[in-house]
């Protein structure tokens with residue numbers, strides 16, 4: 001069984017949800033679909049493996065360099081590396 005990524009919710013109100021995600025090597029979020037537009041702010045460097053309906057791809061993380069995604073993204077996010085990976089996810093409700 002794959003280890004689950006650790007989610008810590010810091011803010012969750014009617015406008016925004018802010019979650020810190022930490023991934024030990026091999027940890028995964030599990031398959032999910034995003035309900036909101038969101039921004040990811042990496043707090044480590046590294047590369048995530050994304051399993052998507054269109055196939056697998058890698059997504060590089062660069063400390064402090066954010067990226068945006070629209071509502072509806074479907075994937076499983078996995079740390080395929082040997083070091084912990086982490087990011088802050090900001091969902092706009």
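Every number in this text was worked out from the coordinates using simple rules, so none of it is lab data. Because the structure is predicted, anything quoted here is derived from the model rather than measured. Heads up, the Cβs are rebuilt from the backbone with ideal geometry, glycines too, and the neighbour counts pull from every protein chain shown.
Sorted from fewest to most neighbouring beta carbons within 10 Å, what does the list 22, 57 look like?
Working: 22 16, 57 11.
Listed from fewest to most nearby Cβ atoms, that is 57, 22.
Counting other beta carbons within 10 Å of each residue's own, what order do 32, 75 fall into, fewest first? Provide the component values of the computation, followed by the final result.
Values: 32 11, 75 22.
Fewest-to-most Cβ neighbours within 10 Å comes out as 32, 75.
Which whole-number percentage describes the relative contact order of the chain, with Cα contacts under 8 Å and a sequence gap of 6 or more? Write out the running numbers ahead of the final one.
On the way: 243 pairs, mean separation 36.7, N = 93.
Normalised by residue count, the contact order of the chain is 39 percent.
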